Amino acid sequence: MVMQTRSLARRLARGLAGAVPALGTLRGKVTAVSGLRVEVAGLGHHLVVGDRASLLSREGCPILAEIVGVSGDTVQMLGFAPLDGLGRGSVAEIQLLGAAVRQTGLPVSDGWIGRIVNPLGAPLDGLGAVPSGPRRDLRAEPPPATLRARLGPRLDLGVRVLDTFATCRDGQRLGLFAGSGVGKSTLLAMLARHTACDVVVLALVGERGREVREFIEDDLGPDGLARAVVVVATSDTPPLMRREAAYAAMTIAEHFRDQGRSVLLLMDSVTRFCFALREIGLSAGEPPATRGYPPSVFAELPRLLERAGPGLEPSTPDRGAGQITGLFTVLVEGDDHNEPVADAVRGILDGHIILDRQIAERGRYPAVDVLRSLSRVVPGCNTPEENALTRRARALLAMGAEMAELVRLGAYQPGSDKAVDEAIRVAPRIEAFLRQERDERTSRVDSFALLRRALDERDA
């Protein structure tokens with residue numbers, strides 16, 4: 001992996017120098033290497049935060065790096081690859097390319113569909129180079145709030161529990177909150193295969209390397225990959241690569257949205273993106289604040305998440321607005337759903353889906369906690385009959401959960417309360433409705449029909 005990363009850095013550094021005719025070369029000297037940070041003197045008056053340079057190791061191997069801080073004539077850099085071979089006196093150089101220094105955009109094209117790439121656009125699937133298109137800025141601004149289109153129609157996710165109890169509209173952003181080992185990846189794979197959309201963009205940020213191939217081949221499958229672009233940065237990559245994976249996936253999704261397409265963006269996980277931001281911020285000298293996260297982490301979150309959603313309102317009525325429907329997973333630490341990242345993400349997005357460990361331990365998948373999950377657009381997008389169905393189902397599930405212990409202990413006598421008796425009869429049928437195999441797809445219309453049948457006493 002280290003050799004592959006170095007080779008990639010070497011190719012990227014050469015591409016940086018050869019993309020357009022160079023107007024000159026800036027050179028500086030490494031004065032210190034500490035942890036993830038490299039300090040370089042001689043470039044502070046020429047570069048800004050975000051510019052990229054090439055660091056030359058003792059063996060002459062170029063290491064792509066990014067400026068994360070400037071102080072006087074000294075800049076602080078972090079590498080996109082391990083810093084092995086760097087020391088005091090090593091050379092840092094950067095080519096002046098036209099009027100700009102940075103070349104950080106992604107050359108996205110429609111030919112990326114069905115491919116697996118790293119955050120810098122290099123192929124990881126062994127199928128050769130990916131087709132190039134016009135470069136898109138990785139730090140693009142979201143569409144102006146007053147000019148972007150409104151949410152589209154209801155989106156058929158193909159998962160019963162979500163289509164009924166957390167109905168999603170085209171262009172909505174939902175958070176998927178879960179602890180480790182609760183079925184999060186399986187639910188993401190179901191969404192990638194079953195959702196009625198044009199393109200799927202899947203970002204695996206800080207994923208375990210062993211699980212990447214298993215997820216792509218077993219969970220996503222050939223049919224899911226055929227309409228998807230997968231961006232991978234495993235947990236052993238430097239923090240810049242893990243951070244860049246989220247930006248790259250969003251940039252790819254924006255490419256297809258601007259064509260008027262319906263895009264499903266699945267990001268796993270926002271928490272690991274924040275971990276990468278924390279490592280970068282602390283290495284750059286930022287003070288730790290909430291639970292060790294520097295302030296820049298919580299400033300960067302809305303800048304990323306607000307880019308998802310509807311595109312600009314189309315100029316002609318015959319052309320629909322493109323939409324990015326975003327589902328962002330949050331890996332809650334210690335099953336604490338009020339930890340800083342979860343709390344911040346919940347306040348930005350348009351709803352949250354909670355996966356519960358106890359439900360998973362009972363063997364019901366997807367392990368969605370219906371009573372704690374919600375979509376903020378449900379009241380206005382479902383019909384009055386559908387809203388009445390879900391309200392009744394929620395009430396029966398809540399009553400059944402409240403009385404379950406008394407029933408198990410034999411402390412409740414049947415016939416004492418009609419509402420409790422109904423909950424005891426109907427709750428198991430609702431639980432059966434919520435259970436769904438990962439290869440099973442149910443349309444939204446069929447989902448409400450099945451829920452209606454589960455609540456109908458005549459079908460008992």
Result of the Cβ filter at 7 Å on the range 182-198, keeping first residues that are under 11 Å from residue 365 (Cβ atoms) and partners that are among the hydroxyl-bearing types (Ser, Thr, Tyr) and at pLDDT below 95, at least 6 apart or interchain, is 183/365; 186/365
Tell me, please, whether a residue that is in contact (Cβ under 8 Å) with a residue 40 or more places away in the chain and assigned to a helix (DSSP H, G or I) can be found in the range 396-413.
yes
Residue set 178, 196; condition touching a Ser or Thr at 6+ places or on another chain (Cβ under 9 Å), open to solvent by 10 Å² or more (accessible area, probe 1.4 Å), closer than 17 Å to residue 326 by Cβ and among the small types (Gly, Ala, Ser); output residue 196
Filtering the range 245-273 down to residues that are open to solvent by less than 10 Å² (accessible area, probe 1.4 Å), more than 23 Å from residue 151 (Cα to Cα) and either out of contact with any Ser or Thr (no Cβ under 9 Å at 6 or more places or on another chain) or assigned to a helix (DSSP H, G or I) (or both) yields 245, 248, 271, 273
When the range 352-368 is examined, which residues are found to be surrounded by fewer than 19 Cβ atoms within 10 Å (Cβ to Cβ), assigned to a loop (DSSP other than H, G, I, E, B) and touching a helix residue (DSSP H, G or I) at 6+ places or on another chain (Cβ under 7 Å)?
364
Can you pull out the residues in the range 405-460 that are open to solvent by less than 90 Å² (accessible area, probe 1.4 Å), over 16 Å from residue 364 (Cα atoms) and charged (D, E, K, R)?
417, 421, 422, 444, 446, 456, 457, 459
Going by the structure shown, is residue 205 under 15 Å from the mean Cα position of the chain (by Cα), more than 23 Å from residue 375 (Cα to Cα) and of a type outside the set (Asp, Glu)?
yes
Can you tell me which residues in the range 310-335 are among the small types (Gly, Ala, Ser) and either within 16 Å of residue 290 (Cα to Cα) or at pLDDT 95 or above (or both)?
326
Scan the range 106-144 for residues that are in a loop (DSSP other than H, G, I, E, B), in contact with a strand residue (DSSP E or B) (Cβ under 6 Å, 6 or more places away or on another chain) and free of Cβ contacts under 8 Å to residues at least 60 places away in the same chain and jot them down.
125, 130, 132
Can you name the residue in the range 369-378 that is touching a residue at least 40 places away in the same chain (Cβ under 8 Å) and farther than 20 Å from residue 268 by Cβ and is also least open to solvent (accessible area, probe 1.4 Å) among such residues?
370
Checked 47, 26, 97, 16 against criteria (over 20 Å from residue 242 (Cβ atoms), among the hydrophobic types (A, V, I, L, M, F, W, C), in contact with a His (Cβ under 8 Å, 6 or more places away or on another chain) and at pLDDT below 85); the one match is 26
Residue among 242, 227 that is more than 23 Å from residue 66 (Cβ to Cβ) and either free of Cβ contacts under 8 Å to residues at least 24 places away in the same chain or of a type outside the set (A, V, I, L, M, F, W, C) (or both)
227
Going residue by residue through the range 306-321, is there one that turns out to be closer than 24 Å to residue 184 by Cβ and surrounded by fewer than 20 Cβ atoms within 10 Å (Cβ to Cβ)?
yes
Looking at the range 145-162, which of its residues are outside any strand (DSSP E or B), surrounded by fewer than 24 Cβ atoms within 10 Å (Cβ to Cβ) and touching a residue at least 12 places away in the same chain (Cβ under 8 Å)?
147, 149, 150, 151, 152, 153, 156, 158
Residue tally, condition open to solvent by 10 Å² or more (accessible area, probe 1.4 Å) and either assigned to a loop (DSSP other than H, G, I, E, B) or charged (D, E, K, R) (or both), over the range 228-244
6
Using beta carbons and a limit of 7 Å, which pairs, at least six apart or on different chains, have the first residue in the range 247-276 and within 15 Å of residue 303 (Cα to Cα) and in contact (Cβ under 8 Å) with a residue 12 or more places away in the chain and the second one assigned to a helix (DSSP H, G or I) and open to solvent by 10 Å² or more (accessible area, probe 1.4 Å)?
273/242; 273/243
Residues satisfying the stated conditions in the range 336-351, i.e. open to solvent by less than 70 Å² (accessible area, probe 1.4 Å) and either outside any helix (DSSP H, G or I) or modelled with pLDDT under 90 (or both):
336, 337, 339, 349, 350, 351
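The values are calculated or read from the model by the stated rules, or taken from the named source; none is laboratory data. Predicted model only: the values in this text are computed from it and were never measured. As a convention, Cβ positions derive from the backbone with ideal geometry for all residues, glycine included, and neighbour counts pool all protein chains shown. These area figures cover heavy atoms from the full protein model, side chains too; ligands, DNA and RNA do not enter into them. Shrake-Rupley method; radii C 1.70, N 1.55, O 1.52, S 1.80 Å.
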